[in-house]
Each structure stands twice: as structure tokens, then as C-alpha cells.
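Chemist: Got a structure for you, questions after.
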Amino acid sequence: MDIKITPRKTEMIKMRNEGKTLQEIGETFRISRERVRQILTKYMPEYKSKLGLKQGTVKLVRYNPEWEILYKAEEKIVLATIDRYIFDIAHIGSTSIPGMYAKPIIHILVAVKSLSEAKQITPLLSSIGYGYSPLPFKAERIFFVKGPKEKRLFHLSLVEKDSPEWVDSILFCEYLRTHKEDAKKYSKLKLALAKKYKNDRNSYTAEKQKFIKDIIEKAHTWNN
């Protein structure tokens, strides 16, 4: 399923992300408040879905095919905003792997020529609701979040094109999409850690790293 978003609708979504009221958007586009509500309900489906999770917490849910639809809709908004800087863009993380238990936050990976372009990109992403969130130990990745702390909806990472960050992230997901047994093992590990670290996402993430590293090594072998 594909969602077509026109420049007009993209601007409406942008205005809503900036905090404009339905009335203000309607007056700008000379349509009724009810019509604005109908459009935003259709093209901002994350607000009527189960997408979203409180910052720092861990809660896993069953894979939802809706996640790919939500990704495609958000990808178009991102492309419309920073297309001139993008070399490639992808849906990564567990929400991109059918059958996988996942935190209901969609992760978007964006490849750019150089991370030095972040100075130009950051205010553009801010205009569509993404806030910069520093990662102290990840100098090779610039991280943004969308949604309030009580309900993070999207994560977006800027990485350099052809960098290990890009290649490893893509291969990891591609491998698990095609190797069901390893995907089941990853789901099982995640569920156990989620039960252990409901309110400690840093520890949850840290204890997955060995498994993730092993899968990345397998993925490189499989890809060669």
C-alpha cells in the first residue's frame, strides 16, 4: 500500500507539527476545519495508531504491518524537507522486520555526504517535528526524535553514505528478514530483556549488543 502526499498536504502536516491549530490551517488553505481534520487523520496515521512509547522505557509489541505504511508516509515528508542532502533513506530496526517483536517507534536511517551538513539539516528537520538528541558515544551518527517524551513516534539517524553505520544497519535488517531462526532468537532475547528492564532502555540496549554484533558478522559473510 502506498500513500500519495501532495506538496499541499505536506505543508498542512508541517504546519500541524509546528503547533498550528486546525482552524489556522483551514484558513491558510481556505478549507473547513473538519476537512483539515479529515486530511490529517488520513495522512498522519501515527496519531490514531498504537505507535509511540515513553522515552527511556521498554515495551515490545507484536509486528504490525501498519508500521511500513507509517514509514512510507513519514519518508515522503522527510524527503520533501531535506531531499537535496539525502543519498539514501531506509526503514531500519525491528519495526522493519516482519514477525519481529519491537518497540513501537519507527527508525529512519538517512545517508548524507557528510555529517558536517547537519548544521543545515537540523533546522529543516526541526520544522517537521524532529528534535536533536545527542548520542555521547556515537560520533558517527547524529540522532533526532519526533514526538513528545511521553510518546516518541519516530527516531531518525543521519549517517555518512557507505559508512559502517549505514552498511551494518542495512545488512542487519536484511539478514534477519531472510533468516527466520535468527530472527526468532533475537525476538526471544528482546522479550526477556524487556521484562528485565522495563524502565531502563540503556541497559536493555547494552545487553543486546553482543547478539547484534554476532548477527552483523553473519550478515557480512552471507552478503559476500
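FYI, it's all coordinate maths here, none of it is from the lab. Here the structure is a predicted model, which is why all the values come from computation and not from measurement. Every residue, glycine among them, receives a Cβ derived from its backbone with ideal geometry; neighbour counts consider all protein chains shown.
Chemist: Among the listed pairs K76/K185; K20/K54; K149/K185; K138/K190; K72/K119; K113/K184, which have their C-alpha atoms separated by more than 28 angstrom in this model? Provide the component values of the computation, followed by the final result.
Modeler: Numbers: K76/K185 33 Å; K20/K54 24 Å; K149/K185 30 Å; K138/K190 22 Å; K72/K119 25 Å; K113/K184 35 Å.
Long pairs (Cα-Cα over 28 Å): K76/K185; K149/K185; K113/K184.
Chemist: Modelled label-to-label distance, N64 and Q23, 7 Å Cα→beta-carbon offset: nm?
Modeler: Placing both labels 7 Å along Cα→Cβ, they lie 3.2 nm apart.
Chemist: In addition: For region 66-223, list log₁₀ I(q)/I(0) at each q in 0.10, 0.17 Å⁻¹, using the Debye formula over Cα point scatterers of equal strength and ignoring solvent, two decimals each.
Modeler: Here log10 of I(q) over I(0) equals -0.36, -1.10.
Chemist: Once both axes come from the Cα atoms, what is the angle between helix 209-223 and the longest principal axis of the chain, in degrees from 0 to 90, rounded to 10?
Modeler: For helix 209-223, the angle is close to 90 degrees.
Chemist: For K42 and H179, FRET efficiency with R0 = 30 Å and r from the beta-carbon atoms, rounded to 0.05?
Modeler: Efficiency, from the Cβ-Cβ distance: 0.25.
Chemist: How much length is gained on full extension from T57 to F137, taking 0.36 nm per residue of separation minus their Cα-Cα distance?
Modeler: Computed gain between T57 and F137 is 26.8 nm.
Chemist: Using the Karplus curve 6.51 cos²θ - 1.76 cosθ + 1.60 with θ = phi - 60°, what ³J(HN,Hα) values do you get for each residue of region 161-173, in whole Hz, with x for Gly and Pro?
Modeler: 4, 6, 6, x, 4, 6, 4, 5, 5, 5, 5, 4, 5
Chemist: Using only Cα atoms, tell me the angle between helix 7-17 and the longest principal axis of the chain; keep it within 0 to 90° and round to the nearest 10.
Modeler: 80 degrees
Chemist: In nm, to one decimal, how far is the modelled label at L189 from the one at W222, with both set 7 Å along Cα→Cβ?
Modeler: In this crude label model, L189 to W222 measures out at 1.3 nm.
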